[in-house]
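Chemist: First the structure, then my questions, so here it is.
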Amino acid sequence: MAGHQVDGTIIVGAGQAGLAAAFALRARGLECQVLEAAGAPGESWRKRWDSLRLFTPAQYCSLPGMAFPAPRGSFPGKGQVADYLAEYAAQLPVTTGVSVTGIAPCPGHRNGAAFTLDTTAGEFTARDVVIATGATSAPFVPAVAGGLSAAIHQLHSSSYRNPAQLPDGGVLVAGAGTSGVEIAIELARDREVWLAGRIPFHIPDAVLEHAPGAYWQFISKVLTRRTPLGRKAARDFTAQGGPLISVSLADAERAGVTHLPRLEAVDDGGRPVFASCPPLDVSTVIWATGYQPDYGWLRALPGGGPPVDARGWPVTVRGEVPAIPGLYFVGLPFQYGLTSTLLGGVGRDGDHIAGRIAAAARQRFAATTSAS
Ligand SMILES: Cc1cc2nc3c(=O)[nH]c(=O)nc-3n(C[C@H](O)[C@H](O)[C@H](O)COP(=O)(O)OP(=O)(O)OC[C@H]3O[C@@H](n4cnc5c(N)ncnc54)[C@H](O)[C@@H]3O)c2cc1C
(Lines give C-alpha, C1' and ligand atoms only; values in the text may rest on other atoms or scores of the structure.)
Protein backbone atom coordinates (compact mmCIF):
# COMPACT_ATOMS: atom_id res chain seq x y z
CA MET A 1 0.00 0.00 0.00
CA ALA A 2 1.33 3.48 -0.88
CA GLY A 3 2.28 5.52 2.17
CA HIS A 4 0.73 8.86 3.12
CA GLN A 5 3.30 11.62 3.40
CA VAL A 6 2.49 14.51 5.71
CA ASP A 7 4.61 17.62 5.09
CA GLY A 8 5.21 18.70 8.62
CA THR A 9 3.80 17.23 11.79
CA ILE A 10 1.52 14.31 12.59
CA ILE A 11 -0.37 14.70 15.83
CA VAL A 12 -1.63 11.46 17.36
CA GLY A 13 -4.94 12.03 19.18
CA ALA A 14 -7.71 14.61 18.71
CA GLY A 15 -8.57 15.29 22.33
CA GLN A 16 -8.00 18.77 23.71
CA ALA A 17 -4.19 18.25 23.76
CA GLY A 18 -3.88 17.25 20.10
CA LEU A 19 -6.30 19.95 18.98
CA ALA A 20 -4.45 22.64 20.95
CA ALA A 21 -1.16 21.57 19.36
CA ALA A 22 -2.71 21.60 15.87
CA PHE A 23 -4.17 25.07 16.44
CA ALA A 24 -0.80 26.44 17.54
CA LEU A 25 1.03 24.89 14.55
CA ARG A 26 -1.53 26.27 12.10
CA ALA A 27 -1.31 29.69 13.76
CA ARG A 28 2.39 29.63 12.84
CA GLY A 29 1.61 28.64 9.27
CA LEU A 30 2.95 25.10 9.77
CA GLU A 31 1.42 22.01 8.17
CA CYS A 32 0.03 19.26 10.35
CA GLN A 33 -2.39 16.35 10.32
CA VAL A 34 -4.21 15.01 13.38
CA LEU A 35 -4.93 11.25 13.41
CA GLU A 36 -7.68 10.15 15.80
CA ALA A 37 -8.59 6.55 16.57
CA ALA A 38 -12.19 7.28 17.61
CA GLY A 39 -15.04 8.19 15.28
CA ALA A 40 -15.09 11.84 16.45
CA PRO A 41 -12.80 14.32 18.21
CA GLY A 42 -13.29 14.56 21.98
CA GLU A 43 -14.85 11.07 22.18
CA SER A 44 -13.11 10.34 25.49
CA TRP A 45 -15.49 12.85 27.12
CA ARG A 46 -18.62 11.15 25.73
CA LYS A 47 -17.52 7.82 27.21
CA ARG A 48 -17.36 9.19 30.78
CA TRP A 49 -20.26 8.79 33.21
CA ASP A 50 -23.58 10.38 32.31
CA SER A 51 -23.87 12.87 35.18
CA LEU A 52 -20.26 14.09 34.97
CA ARG A 53 -19.89 17.86 35.21
CA LEU A 54 -16.59 19.70 34.97
CA PHE A 55 -14.91 20.73 38.21
CA THR A 56 -13.39 23.72 36.39
CA PRO A 57 -15.71 26.72 35.81
CA ALA A 58 -16.53 27.43 32.14
CA GLN A 59 -14.33 30.55 31.97
CA TYR A 60 -11.28 28.30 32.54
CA CYS A 61 -12.20 25.67 29.94
CA SER A 62 -11.39 27.46 26.69
CA LEU A 63 -8.86 26.30 24.15
CA PRO A 64 -6.91 29.03 22.33
CA GLY A 65 -8.98 31.01 19.83
CA MET A 66 -12.48 29.81 20.82
CA ALA A 67 -14.25 30.65 24.08
CA PHE A 68 -16.07 27.80 25.79
CA PRO A 69 -19.78 28.46 25.08
CA ALA A 70 -21.16 28.49 28.63
CA PRO A 71 -21.77 31.24 31.22
CA ARG A 72 -18.97 32.23 33.61
CA GLY A 73 -19.23 30.35 36.86
CA SER A 74 -21.17 27.44 35.35
CA PHE A 75 -19.83 23.88 35.37
CA PRO A 76 -20.53 22.35 31.93
CA GLY A 77 -21.55 18.72 31.47
CA LYS A 78 -19.39 16.20 29.62
CA GLY A 79 -21.58 16.37 26.46
CA GLN A 80 -21.01 20.13 26.20
CA VAL A 81 -17.24 19.52 26.34
CA ALA A 82 -17.40 16.87 23.60
CA ASP A 83 -19.56 19.20 21.43
CA TYR A 84 -17.12 22.07 22.00
CA LEU A 85 -14.15 19.91 21.02
CA ALA A 86 -15.96 18.69 17.86
CA GLU A 87 -16.65 22.31 16.88
CA TYR A 88 -13.04 23.31 17.63
CA ALA A 89 -11.77 20.39 15.54
CA ALA A 90 -13.86 21.45 12.54
CA GLN A 91 -11.34 24.25 11.78
CA LEU A 92 -8.38 21.82 11.89
CA PRO A 93 -7.04 18.99 9.68
CA VAL A 94 -8.34 16.01 11.64
CA THR A 95 -8.80 12.48 10.27
CA THR A 96 -10.92 10.26 12.51
CA GLY A 97 -11.09 6.46 12.63
CA VAL A 98 -7.31 6.05 12.23
CA SER A 99 -5.40 4.39 15.03
CA VAL A 100 -1.61 4.70 15.18
CA THR A 101 -0.16 1.33 16.16
CA GLY A 102 3.59 1.99 15.93
CA ILE A 103 6.19 4.67 15.26
CA ALA A 104 9.75 4.11 14.01
CA PRO A 105 12.54 6.21 12.52
CA CYS A 106 12.04 6.70 8.78
CA PRO A 107 14.79 4.82 6.90
CA GLY A 108 17.08 7.28 5.12
CA HIS A 109 14.83 10.22 6.13
CA ARG A 110 12.78 9.59 2.96
CA ASN A 111 11.53 12.97 1.59
CA GLY A 112 12.80 14.69 4.74
CA ALA A 113 10.58 12.60 7.03
CA ALA A 114 12.03 11.57 10.38
CA PHE A 115 9.29 9.10 11.35
CA THR A 116 7.20 6.30 9.88
CA LEU A 117 3.86 5.62 11.52
CA ASP A 118 1.99 2.33 11.17
CA THR A 119 -1.73 2.95 11.31
CA THR A 120 -5.00 1.19 10.64
CA ALA A 121 -5.15 3.25 7.39
CA GLY A 122 -1.66 2.26 6.20
CA GLU A 123 1.74 3.86 6.60
CA PHE A 124 2.27 7.59 7.17
CA THR A 125 5.54 9.52 7.21
CA ALA A 126 6.16 12.88 8.87
CA ARG A 127 8.98 15.23 9.81
CA ASP A 128 7.74 15.61 13.42
CA VAL A 129 5.32 13.69 15.64
CA VAL A 130 3.33 14.98 18.60
CA ILE A 131 1.90 12.30 20.89
CA ALA A 132 -1.36 13.57 22.42
CA THR A 133 -3.03 10.29 23.31
CA GLY A 134 -4.10 11.40 26.80
CA ALA A 135 -3.26 10.29 30.31
CA THR A 136 -6.37 8.14 30.72
CA SER A 137 -6.22 5.55 27.96
CA ALA A 138 -5.14 2.59 30.13
CA PRO A 139 -7.18 2.07 33.34
CA PHE A 140 -5.21 0.87 36.38
CA VAL A 141 -6.68 -1.86 38.60
CA PRO A 142 -4.63 -3.12 41.59
CA ALA A 143 -3.68 -6.80 41.93
CA VAL A 144 -6.07 -7.35 44.86
CA ALA A 145 -8.90 -7.31 42.29
CA GLY A 146 -7.83 -10.79 41.19
CA GLY A 147 -8.75 -12.25 44.61
CA LEU A 148 -12.36 -11.01 44.60
CA SER A 149 -15.14 -13.58 44.25
CA ALA A 150 -16.40 -14.17 40.71
CA ALA A 151 -19.87 -13.32 42.08
CA ILE A 152 -18.82 -9.69 42.58
CA HIS A 153 -19.29 -7.51 39.51
CA GLN A 154 -16.14 -5.43 38.95
CA LEU A 155 -15.57 -2.42 36.72
CA HIS A 156 -13.17 0.49 36.42
CA SER A 157 -14.53 4.02 36.86
CA SER A 158 -13.80 4.64 33.15
CA SER A 159 -16.53 2.07 32.32
CA TYR A 160 -19.06 3.47 34.83
CA ARG A 161 -22.00 5.29 33.18
CA ASN A 162 -24.92 5.37 35.67
CA PRO A 163 -26.45 3.42 38.61
CA ALA A 164 -28.82 1.48 36.30
CA GLN A 165 -25.95 -0.48 34.75
CA LEU A 166 -25.04 -2.12 38.08
CA PRO A 167 -26.65 -5.19 39.68
CA ASP A 168 -28.77 -4.53 42.80
CA GLY A 169 -26.90 -4.53 46.09
CA GLY A 170 -24.14 -2.69 47.93
CA VAL A 171 -21.20 -1.12 46.14
CA LEU A 172 -17.61 -0.66 47.23
CA VAL A 173 -15.89 2.21 45.41
CA ALA A 174 -12.14 1.64 45.76
CA GLY A 175 -10.18 4.86 45.29
CA ALA A 176 -11.16 8.13 46.94
CA GLY A 177 -10.04 10.74 44.41
CA THR A 178 -12.55 13.13 42.84
CA SER A 179 -13.96 10.44 40.48
CA GLY A 180 -14.40 7.89 43.27
CA VAL A 181 -16.09 10.37 45.61
CA GLU A 182 -18.44 11.66 42.89
CA ILE A 183 -19.47 8.13 41.85
CA ALA A 184 -19.95 7.05 45.48
CA ILE A 185 -22.24 10.04 46.14
CA GLU A 186 -24.34 9.29 43.05
CA LEU A 187 -24.76 5.62 43.98
CA ALA A 188 -25.57 6.35 47.63
CA ARG A 189 -28.95 7.81 46.58
CA ASP A 190 -30.53 4.37 46.49
CA ARG A 191 -28.10 1.78 47.83
CA GLU A 192 -25.47 1.13 50.47
CA VAL A 193 -22.05 2.43 49.43
CA TRP A 194 -18.58 2.16 50.91
CA LEU A 195 -15.65 4.30 49.76
CA ALA A 196 -12.16 2.88 50.36
CA GLY A 197 -8.92 4.80 50.17
CA ARG A 198 -6.79 7.64 51.44
CA ILE A 199 -8.58 10.96 51.12
CA PRO A 200 -6.46 13.50 49.22
CA PHE A 201 -6.18 17.16 50.13
CA HIS A 202 -9.51 18.90 49.47
CA ILE A 203 -9.49 22.31 47.76
CA PRO A 204 -11.94 24.28 49.94
CA ASP A 205 -15.18 25.01 48.05
CA ALA A 206 -15.04 28.65 49.21
CA VAL A 207 -11.84 29.17 47.22
CA LEU A 208 -13.50 28.00 44.00
CA GLU A 209 -16.70 29.88 44.78
CA HIS A 210 -15.34 33.25 45.91
CA ALA A 211 -11.88 33.51 44.36
CA PRO A 212 -11.84 31.34 41.23
CA GLY A 213 -9.56 33.81 39.41
CA ALA A 214 -6.92 33.82 42.15
CA TYR A 215 -7.16 30.03 42.37
CA TRP A 216 -6.65 29.62 38.62
CA GLN A 217 -3.70 32.04 38.66
CA PHE A 218 -2.15 30.03 41.49
CA ILE A 219 -2.51 26.61 39.88
CA SER A 220 -1.49 27.79 36.41
CA LYS A 221 1.29 30.28 37.25
CA VAL A 222 2.73 29.02 40.55
CA LEU A 223 2.27 25.24 40.36
CA THR A 224 4.67 24.70 37.46
CA ARG A 225 7.96 22.87 37.11
CA ARG A 226 9.70 26.27 37.29
CA THR A 227 8.92 26.80 41.00
CA PRO A 228 9.96 24.76 44.08
CA LEU A 229 6.30 24.58 45.18
CA GLY A 230 5.33 23.39 41.72
CA ARG A 231 8.03 20.70 41.65
CA LYS A 232 6.82 19.45 45.04
CA ALA A 233 3.23 19.43 43.78
CA ALA A 234 4.41 17.47 40.70
CA ARG A 235 5.99 14.80 42.93
CA ASP A 236 2.87 14.55 45.12
CA PHE A 237 0.61 14.50 42.07
CA THR A 238 2.58 11.67 40.45
CA ALA A 239 2.75 9.63 43.67
CA GLN A 240 -0.73 10.24 45.09
CA GLY A 241 -2.96 11.71 42.37
CA GLY A 242 -4.60 15.13 42.29
CA PRO A 243 -6.50 16.94 45.06
CA LEU A 244 -10.23 16.59 45.72
CA ILE A 245 -12.05 19.32 43.84
CA SER A 246 -15.72 20.31 44.20
CA VAL A 247 -16.53 17.27 46.38
CA SER A 248 -15.24 16.28 49.82
CA LEU A 249 -15.35 13.36 52.21
CA ALA A 250 -17.89 15.36 54.24
CA ASP A 251 -20.16 15.55 51.16
CA ALA A 252 -19.85 11.77 50.72
CA GLU A 253 -20.61 11.08 54.38
CA ARG A 254 -23.63 13.41 54.27
CA ALA A 255 -24.86 11.36 51.30
CA GLY A 256 -24.64 8.20 53.46
CA VAL A 257 -21.33 6.82 52.17
CA THR A 258 -19.15 4.94 54.69
CA HIS A 259 -15.44 5.67 54.43
CA LEU A 260 -12.91 2.85 54.86
CA PRO A 261 -9.13 2.64 54.50
CA ARG A 262 -7.46 1.34 51.35
CA LEU A 263 -8.64 -2.08 50.15
CA GLU A 264 -5.67 -4.41 50.45
CA ALA A 265 -7.08 -7.88 51.14
CA VAL A 266 -9.95 -10.28 50.55
CA ASP A 267 -11.14 -13.18 52.74
CA ASP A 268 -11.33 -16.87 51.71
CA GLY A 269 -14.73 -16.22 50.16
CA GLY A 270 -13.34 -13.45 47.98
CA ARG A 271 -15.05 -10.66 49.98
CA PRO A 272 -13.25 -7.33 50.59
CA VAL A 273 -11.86 -7.17 54.15
CA PHE A 274 -10.85 -4.22 56.32
CA ALA A 275 -9.49 -4.16 59.88
CA SER A 276 -12.33 -1.91 61.06
CA CYS A 277 -15.39 -3.95 59.97
CA PRO A 278 -16.59 -7.46 59.02
CA PRO A 279 -15.97 -8.62 55.40
CA LEU A 280 -18.16 -6.63 53.00
CA ASP A 281 -21.00 -8.36 51.19
CA VAL A 282 -21.18 -6.18 48.12
CA SER A 283 -22.50 -6.99 44.66
CA THR A 284 -20.16 -4.55 42.88
CA VAL A 285 -16.66 -3.13 43.23
CA ILE A 286 -15.83 -0.02 41.21
CA TRP A 287 -12.12 0.65 40.80
CA ALA A 288 -11.65 4.43 40.82
CA THR A 289 -7.93 3.80 40.96
CA GLY A 290 -6.66 5.94 38.13
CA TYR A 291 -4.69 5.15 35.01
CA GLN A 292 -1.33 3.80 33.93
CA PRO A 293 0.96 4.73 31.03
CA ASP A 294 0.45 2.87 27.75
CA TYR A 295 3.33 3.62 25.38
CA GLY A 296 4.41 0.13 24.22
CA TRP A 297 3.69 1.22 20.64
CA LEU A 298 6.69 3.60 20.81
CA ARG A 299 9.20 0.82 21.43
CA ALA A 300 10.65 0.86 17.85
CA LEU A 301 11.98 4.39 18.46
CA PRO A 302 15.68 4.90 19.31
CA GLY A 303 16.49 3.63 22.82
CA GLY A 304 13.22 1.67 22.89
CA GLY A 305 11.22 4.91 23.15
CA PRO A 306 11.42 7.93 25.43
CA PRO A 307 12.91 7.52 28.91
CA VAL A 308 10.23 6.89 31.55
CA ASP A 309 9.85 7.66 35.26
CA ALA A 310 9.27 5.13 38.06
CA ARG A 311 5.61 4.78 37.05
CA GLY A 312 6.31 4.51 33.33
CA TRP A 313 5.32 8.04 32.23
CA PRO A 314 7.61 9.57 29.56
CA VAL A 315 10.23 11.93 30.99
CA THR A 316 10.37 15.03 28.80
CA VAL A 317 11.71 18.54 28.89
CA ARG A 318 8.41 20.39 28.75
CA GLY A 319 7.14 17.87 26.19
CA GLU A 320 10.38 17.45 24.20
CA VAL A 321 12.46 14.27 24.16
CA PRO A 322 16.07 15.41 23.66
CA ALA A 323 17.26 11.89 22.72
CA ILE A 324 14.64 11.64 19.93
CA PRO A 325 14.62 14.93 17.99
CA GLY A 326 11.27 15.56 16.33
CA LEU A 327 9.23 13.60 18.93
CA TYR A 328 7.02 15.66 21.24
CA PHE A 329 4.24 15.15 23.79
CA VAL A 330 1.29 17.31 24.81
CA GLY A 331 -1.15 16.44 27.60
CA LEU A 332 1.14 14.49 29.94
CA PRO A 333 0.39 14.77 33.68
CA PHE A 334 2.29 17.82 34.99
CA GLN A 335 4.08 18.15 31.65
CA TYR A 336 4.77 21.78 32.57
CA GLY A 337 2.34 22.51 35.38
CA LEU A 338 -0.72 21.32 37.24
CA THR A 339 -2.95 22.66 34.47
CA SER A 340 -1.14 20.72 31.70
CA THR A 341 -3.93 18.13 31.65
CA LEU A 342 -6.78 20.66 32.00
CA LEU A 343 -8.84 22.22 29.21
CA GLY A 344 -7.79 25.72 30.21
CA GLY A 345 -4.10 24.86 30.61
CA VAL A 346 -3.23 22.61 27.68
CA GLY A 347 -3.15 25.50 25.20
CA ARG A 348 0.02 26.84 26.82
CA ASP A 349 1.82 23.50 26.30
CA GLY A 350 0.51 23.13 22.75
CA ASP A 351 1.80 26.60 21.96
CA HIS A 352 5.19 25.87 23.51
CA ILE A 353 5.61 22.67 21.50
CA ALA A 354 4.52 24.39 18.27
CA GLY A 355 7.11 27.09 18.98
CA ARG A 356 9.82 24.44 19.39
CA ILE A 357 8.79 22.69 16.16
CA ALA A 358 8.89 26.06 14.35
CA ALA A 359 12.33 26.87 15.81
CA ALA A 360 13.72 23.47 14.70
CA ALA A 361 12.31 24.03 11.19
CA ARG A 362 13.99 27.46 11.03
CA GLN A 363 17.31 25.91 12.11
CA ARG A 364 17.07 23.21 9.43
CA PHE A 365 16.26 25.86 6.84
CA ALA A 366 19.22 28.03 7.92
CA ALA A 367 21.56 24.99 7.83
CA THR A 368 20.38 24.06 4.31
CA THR A 369 20.73 27.59 2.93
CA SER A 370 24.18 28.14 4.46
CA ALA A 371 25.37 24.77 3.03
CA SER A 372 24.18 25.60 -0.52
C1 LIG B 1 -13.40 11.90 35.14
C2 LIG B 1 -12.58 13.04 34.62
C3 LIG B 1 -13.01 14.35 34.86
C4 LIG B 1 -12.26 15.43 34.39
N5 LIG B 1 -12.70 16.70 34.64
C6 LIG B 1 -12.00 17.76 34.16
C7 LIG B 1 -12.46 19.11 34.40
O8 LIG B 1 -13.45 19.35 35.08
N9 LIG B 1 -11.75 20.13 33.85
C10 LIG B 1 -10.62 19.93 33.10
O11 LIG B 1 -10.03 20.90 32.59
N12 LIG B 1 -10.13 18.67 32.93
C13 LIG B 1 -10.79 17.59 33.45
N14 LIG B 1 -10.31 16.32 33.25
C15 LIG B 1 -8.93 16.13 32.72
C16 LIG B 1 -8.74 16.26 31.22
O17 LIG B 1 -9.31 17.46 30.75
C18 LIG B 1 -9.28 15.07 30.43
O19 LIG B 1 -8.71 13.86 30.88
C20 LIG B 1 -9.05 15.20 28.92
O21 LIG B 1 -9.80 14.21 28.26
C22 LIG B 1 -7.56 15.07 28.52
O23 LIG B 1 -7.42 15.41 27.16
P24 LIG B 1 -6.31 14.76 26.22
O25 LIG B 1 -6.47 15.38 24.89
O26 LIG B 1 -4.99 14.85 26.87
O27 LIG B 1 -6.68 13.21 26.20
P28 LIG B 1 -8.00 12.49 25.65
O29 LIG B 1 -9.19 13.34 25.84
O30 LIG B 1 -8.00 11.13 26.26
O31 LIG B 1 -7.73 12.39 24.09
C32 LIG B 1 -6.75 11.55 23.55
C33 LIG B 1 -7.24 11.10 22.20
O34 LIG B 1 -6.23 10.30 21.60
C35 LIG B 1 -6.86 9.24 20.91
N36 LIG B 1 -5.87 8.17 20.77
C37 LIG B 1 -5.31 7.44 21.77
N38 LIG B 1 -4.42 6.55 21.27
C39 LIG B 1 -4.42 6.75 19.93
C40 LIG B 1 -3.70 6.14 18.87
N41 LIG B 1 -2.79 5.18 19.10
N42 LIG B 1 -3.95 6.55 17.60
C43 LIG B 1 -4.85 7.55 17.35
N44 LIG B 1 -5.56 8.14 18.33
C45 LIG B 1 -5.34 7.76 19.60
C46 LIG B 1 -8.05 8.86 21.78
O47 LIG B 1 -9.03 8.20 21.02
C48 LIG B 1 -8.50 10.23 22.29
O49 LIG B 1 -9.49 10.80 21.49
C50 LIG B 1 -11.03 15.21 33.70
C51 LIG B 1 -10.60 13.89 33.47
C52 LIG B 1 -11.37 12.82 33.93
C53 LIG B 1 -10.86 11.42 33.70
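Chemist: Looking at segment 70-86, which of its residues are open to solvent by less than 30 Å² (accessible area, probe 1.4 Å) and within 10 Å of the ligand (Cβ to nearest atom)?
Modeler: The answer is Pro76, Lys78, Val81, Ala82, Leu85.
Chemist: Continuing with this model, one more query. Which residues, counting only those in segment 297-345, are assigned to a helix (DSSP H, G or I) and either more than 14 Å from the ligand (Cβ to nearest atom) or in contact (Cβ under 8 Å) with a residue 60 or more places away in the chain (or both)?
Modeler: Trp297, Leu298, Pro302, Gly303, Gly304, Leu338, Thr339, Thr341, listed by residue number.
Chemist: I would also like to ask the following. Would you confirm whether any residue within segment 95-105 is more than 14 Å from the ligand (Cβ to nearest atom) and over 16 Å from Gly3 (Cβ atoms)?
Modeler: no
Chemist: Okay, next question. Being more than 19 Å from the chain's Cα centre (by Cα) and on the phi < 0 side of the Ramachandran plot is the requirement here; does Ala58 meet it?
Modeler: no
Chemist: To continue, here is another question. Condition first: outside any loop (DSSP other than H, G, I, E, B), under 20 Å from Trp49 (Cα atoms) and hydrophobic (A, V, I, L, M, F, W, C). Now tell me which residues in segment 273-296 satisfy that.
Modeler: Val285, Ile286, Trp287
Chemist: Same structure, new question: Checking Ser157 against (1) open to solvent by 50 Å² or more (accessible area, probe 1.4 Å); (2) in contact with a helix residue (DSSP H, G or I) (Cβ under 8 Å, 6 or more places away or on another chain); (3) within 14 Å of the ligand (Cβ to nearest atom); (4) closer than 25 Å to Pro279 by Cα, only one condition comes out false. Which one?
Modeler: Exception for Ser157: condition (1).
Chemist: Related question: For a quick check of your reading of the model, give me the residue pairs whose first member lies in segment 156-170 and is among the charged types (D, E, K, R), whose second is open to solvent by 60 Å² or more (accessible area, probe 1.4 Å), with beta-carbon atoms closer than 7 Å and at least 6 apart or on different chains.
Modeler: Arg161/Asp50
Chemist: Have a look at Thr136, Thr95, Thr119, Thr101 and point out the one that is at pLDDT below 95 and under 25 Å from Gly42 (Cα atoms).
Modeler: So the residue among Thr136, Thr95, Thr119, Thr101 that is at pLDDT below 95 and under 25 Å from Gly42 (Cα atoms) is Thr136.
Chemist: For segment 20-69, how many residues meet the condition of being more than 12 Å from the ligand (Cβ to nearest atom) and open to solvent by less than 30 Å² (accessible area, probe 1.4 Å)?
Modeler: Here the count works out to 3.
Chemist: Moving on. Going residue by residue through segment 209-226, is there one that turns out to be in the same structural domain as Asp268 (by TED's automatic domain parsing), of a type in the set (Gly, Ala, Ser) and at negative phi?
Modeler: no
Chemist: Another question about this same structure. Among the residues of segment 1-19, write down those that are more than 8 Å from the ligand (Cβ to nearest atom) and either outside any strand (DSSP E or B) or open to solvent by 30 Å² or more (accessible area, probe 1.4 Å) (or both).
Modeler: Within segment 1-19, Met1, Ala2, Gly3, His4, Gln5, Asp7 meet the criteria.
The values are calculated or read from the model by the stated rules, or taken from the named source; none is laboratory data. Note that this is a predicted model, so its numbers are computed, not measured. Glycine also receives a Cβ, built like all others from the backbone with ideal geometry; neighbour counts cover every protein chain displayed. Accessible surface is based on the protein model in full, side chains and every heavy atom, while ligands, DNA and RNA are left aside. Shrake-Rupley method; radii C 1.70, N 1.55, O 1.52, S 1.80 Å.
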